[in-house]
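Visitor: The structure under discussion is supplied below as structure tokens; questions concerning it will follow.
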Amino acid sequence: MDITNLTATEIAAKARGGELTPGEVVNAFRRRVDAYDAAVGAFLCLNERENDHKKEGPLAGVPVAVKDNICTDWLPTTAASRVIENYRPPYNATVVKRLLAAGAYVVGKTNLDEFAMGSSTEYSAFFPARNPHDLTRSPGGSSGGSAAAVCAGFAPVALGSDTGGSIRQPAAMCGVVGLKPTYGRVSRYGLIAFAPSFDQIGPLARTVKDAALILKVIAGHDRYEATSSRREVPDYVAGLERDHGPFKVGLIDEFFGDDVAPGVRAATEEALEGLRKMGHAVERTTIPSAAWALPTYFVTACGETYSNLARYQGVLFGPRKANYDGPADMVAKTRARGFGGEVRRRLAAGAYVLSVGYRDRYYAKAQTIRQHMRAQFAAAFGEFDFLVSPVSPFTAFELNTRNLDPQLMYLADIFTSLANLVGIPALSMPCGFDEKGLPVALQVMAAPWDEERLLAVAHRLELELALPRDVVTPKPP
């Protein structure tokens with residue numbers, strides 16, 4: 001039995017039943033990490049504690065990889081940035097507490113774009129992550145390390161954060177499942193903020209069932225986090241077996257135009273045909289404000305970033321040096337030494353859109369457009385049960401290409417940022433491969449708080465498509 005090819009659901013069942021010990025499970029995954037992660041670069045640090053093995057709970061013995069912008073009190077939390085590379089949080093994020101209480105074992109902290117700002121994990125301050133399907137290509141970002149870890153069999157499940165597509169886009173590039181929950185469904189306490197009105201923590205997994213299992217554990221109200229919802233959390237795993245359909249599904253026209261690569265288009269159409277075979281109606285629809293999603297997202301998110309990163313100035317956080325000439329010089333030198341180019345670019349953009357004379361022209365206008373988007377999505381969900389599109393117009397791209405042109409990199413989020421702007425749940429699931437054998441994914445979006453039906457329809461489509469879910473063994477380029 002290849003333990004690393006088991007799902008989280010299977011591992012937990014075997015651990016509780018005594019067929020596997022948690023120690024055996026962890027050791028099997030650690031051996032795979034030791035064998036292949038030097039080539040992949042999925043982890044920034046590994047958990048060396050041996051007393052974390054547990055055999056009880058819904059995640060008994062299940063190894064979980066955690067994105068390194070989520071606080072852990074016994075492991076570094078760097079957000080892949082030099083500015084806090086020595087930071088050791090004094091507390092665990094709420095999602096980490098819930099994982100540990102459920103019996104999970106944290107394998108380690110995964111690589112990401114610095115402060116989650118990027119779409120390829122090439123903006124990590126330490127080293128880039130690589131796609132296990134093709135080591136010359138990006139795993140996506142910013143949760144590229146988490147997606148690559150699940151894809152390569154370093155952990156059956158992982159946590160990521162999604163601000164404009166940072167769970168779904170790398171999930172698509174690596175051929176795994178990624179879920180961004182409804183804003184407020186999962187506590188953000190202990191997540192290093194990028195743009196707090198967008199950020200959500202969510203699971204990455206090889207199957208929809210495993211994503212449902214993780215969401216059930218981490219979801220729910222948290223008294224430490226003001227935006228976390230008090231709504232009851234359904235049993236998402238049990239909900240997978242309920243007959244919720246048939247559904248009416250809308251394909252968003254704006255996200256299925258000529259800019260979609262032929263291989264992505266073909267795999268998406270196969271997935272839509274799968275939905276029809278399941279008895280669901282699939283129709284084309286339009287979201288007029290979708291054309292404004294990317295600029296609206298970047299104006300708003302950069303404004304929030306500028307506010308959030310103000311604390312990294314060398315006093316509270318940051319590598320303060322002795323040789324500075326006054327407070328202003330200290331801040332300038334701290335940020336110049338600590339922040340990478342993409343973070344500085346977004347800080348400059350945020351300062352600009354919030355500055356006197358430009359705030360109303362840019363930031364306020366973007367917030368107004370965001371309200372229009374919410375109204376249009378509410379209307380669309382009055383007609384359709386789900387909205388679908390490709391996750392990305394292209395498959396995994398080569399390293400050292402899009403990172404050289406920020407505008408090209410931003411296009412990786414062109415189909416995903418809308419869900420963050422309006423706060424709805426959205427899931428990325430594999431739906432085929434392009435002509436190069438690279439994974440293609442379908443994005444399925446639902447009305448707020450409708451994760452139960454979203455996971456159920458995705459689970460059944462997953463069974464209908466019957467794509468391979470085995471881990472990928474990285475091969476030298």
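The values are calculated or read from the model by the stated rules, or taken from the named source; none is laboratory data. Bear in mind that the values here come from a model prediction, so they are computed numbers and not experimental data. Cβ placement follows ideal geometry from the backbone for every residue including glycine, while neighbour counts extend to all protein chains displayed.
Visitor: Of everything in region 448-477 that's buried (at least 21 other Cβ atoms within 10 Å of the Cβ) and small (Gly, Ala, Ser), which residue is nearest to the chain's Cα centre (by Cα)?
Guide: ALA458
Visitor: Find all pairs meeting these conditions: Cβ atoms under 9 angstrom apart; at least six residues apart or on different chains; first residue within region 451-469 and closer than 18 Å to ASN5 by Cα and in contact (Cβ under 8 Å) with a residue 24 or more places away in the chain; second residue part of a loop (DSSP other than H, G, I, E, B) and of a type in the set (A, V, I, L, M, F, W, C).
Guide: Matching pairs, first to second residue: ARG469/VAL176.
Visitor: For region 60-77, what are the residues that are out of contact with any helix residue (DSSP H, G or I) (no Cβ under 6 Å at 6 or more places or on another chain) and either surrounded by fewer than 18 Cβ atoms within 10 Å (Cβ to Cβ) or part of a loop (DSSP other than H, G, I, E, B) (or both)? Walk me through it before giving the result.
Guide: Taking region 60-77 and keeping what is out of contact with any helix residue (DSSP H, G or I) (no Cβ under 6 Å at 6 or more places or on another chain), we get 66, 68, 70-71, 73-77.
Matches in region 60-77: ASP68, CYS71, ASP73, TRP74, LEU75, PRO76, THR77.
Visitor: In region 381-409, what count of residues is obtained for those that are touching a Leu at 6+ places or on another chain (Cβ under 6 Å) and surrounded by fewer than 20 Cβ atoms within 10 Å (Cβ to Cβ)?
Guide: Of the residues in that region, 0 qualify.
Visitor: Filter the helices (runs of 4 or more DSSP H) completely within region 230-326 down to those with at least 1 residues that are without any contact (Cβ under 8 Å) to a residue 40 or more places away in the chain and farther than 27 Å from PRO406 by Cα.
Guide: In region 230-326, 236-239, 262-277 are the helices (runs of 4 or more DSSP H) which contain 1 or more residues that are without any contact (Cβ under 8 Å) to a residue 40 or more places away in the chain and farther than 27 Å from PRO406 by Cα.
Visitor: Here are the criteria: (1) modelled with pLDDT under 95; (2) surrounded by 15 or more Cβ atoms within 10 Å (Cβ to Cβ). Tell me which single one THR305 does not satisfy.
Guide: THR305 satisfies all of (1) modelled with pLDDT under 95; (2) surrounded by 15 or more Cβ atoms within 10 Å (Cβ to Cβ) except (1).
Visitor: Out of region 349-369, which residues are in contact (Cβ under 8 Å) with a residue 60 or more places away in the chain and of a type in the set (Ser, Thr, Tyr)?
Guide: TYR362, TYR363
Visitor: Check whether at least one residue in region 358-371 is of a type in the set (Lys, Arg), modelled with pLDDT under 95, surrounded by fewer than 14 Cβ atoms within 10 Å (Cβ to Cβ) and closer than 19 Å to TYR306 by Cβ, and report yes or no.
Guide: Within region 358-371, one or more residues are of a type in the set (Lys, Arg), modelled with pLDDT under 95, surrounded by fewer than 14 Cβ atoms within 10 Å (Cβ to Cβ) and closer than 19 Å to TYR306 by Cβ.
Visitor: Can you name every residue in region 351-397 that is part of a helix (DSSP H, G or I) and acidic (Asp, Glu)?
Guide: Correct list: ASP360, GLU383.
Visitor: Additional query: Could you tell me which residue of region 225-241 is nearest to GLU383 (Cα to Cα), considering only residues that are surrounded by 12 or more Cβ atoms within 10 Å (Cβ to Cβ) and of a type in the set (D, E, K, R)?
Guide: The qualifying residue nearest to GLU383 (Cα to Cα) is ARG231.
Visitor: OK, next. Filter region 370-405 down to residues that are of a type in the set (Lys, Arg) and without any contact (Cβ under 8 Å) to a residue 60 or more places away in the chain, then give me how many there are.
Guide: Residues in region 370-405 being of a type in the set (Lys, Arg) and without any contact (Cβ under 8 Å) to a residue 60 or more places away in the chain: 1 in total.
Visitor: Still on this structure, I have one more. If we scan region 213-224, do we find a residue that is within 20 Å of LEU112 (Cβ to Cβ) and either touching a residue at least 12 places away in the same chain (Cβ under 8 Å) or surrounded by fewer than 24 Cβ atoms within 10 Å (Cβ to Cβ) (or both)? Explain how you work it out, then say what you get.
Guide: Going through region 213-224, the residues within 20 Å of LEU112 (Cβ to Cβ) turn out to be 214, 218.
Still in the list and also either touching a residue at least 12 places away in the same chain (Cβ under 8 Å) or surrounded by fewer than 24 Cβ atoms within 10 Å (Cβ to Cβ) (or both): 214, 218.
Checked against the condition, which is being within 20 Å of LEU112 (Cβ to Cβ) and either touching a residue at least 12 places away in the same chain (Cβ under 8 Å) or surrounded by fewer than 24 Cβ atoms within 10 Å (Cβ to Cβ) (or both), region 213-224 yields at least one hit.
Visitor: What number goes with the only condition from (1) at negative phi; (2) at pLDDT 95 or above that ALA79 does not pass?
Guide: Condition (1) is where ALA79 drops out.
Visitor: Related question: Give region 75-108 a look and list any residue that's basic (Lys, Arg) and either within 30 Å of THR9 (Cβ to Cβ) or within 18 Å of the chain's Cα centre (by Cα) (or both), or say none.
Guide: Answer for region 75-108, where residues must be basic (Lys, Arg) and either within 30 Å of THR9 (Cβ to Cβ) or within 18 Å of the chain's Cα centre (by Cα) (or both): LYS97, ARG98.
Visitor: Considering region 410-440 alone, what residues qualify as being assigned to a helix (DSSP H, G or I), surrounded by 18 or more Cβ atoms within 10 Å (Cβ to Cβ) and either touching a Leu at 6+ places or on another chain (Cβ under 8 Å) or among the β-branched types (Val, Ile, Thr) (or both)?
Guide: In the first step, residues of region 410-440 are kept if they are assigned to a helix (DSSP H, G or I); the result is 410-413, 417-422.
After this cut, where a residue has to be surrounded by 18 or more Cβ atoms within 10 Å (Cβ to Cβ) as well, the list is 410, 412-413, 417-422.
TYR410, ASP413, SER417, VAL422, listed by residue number.
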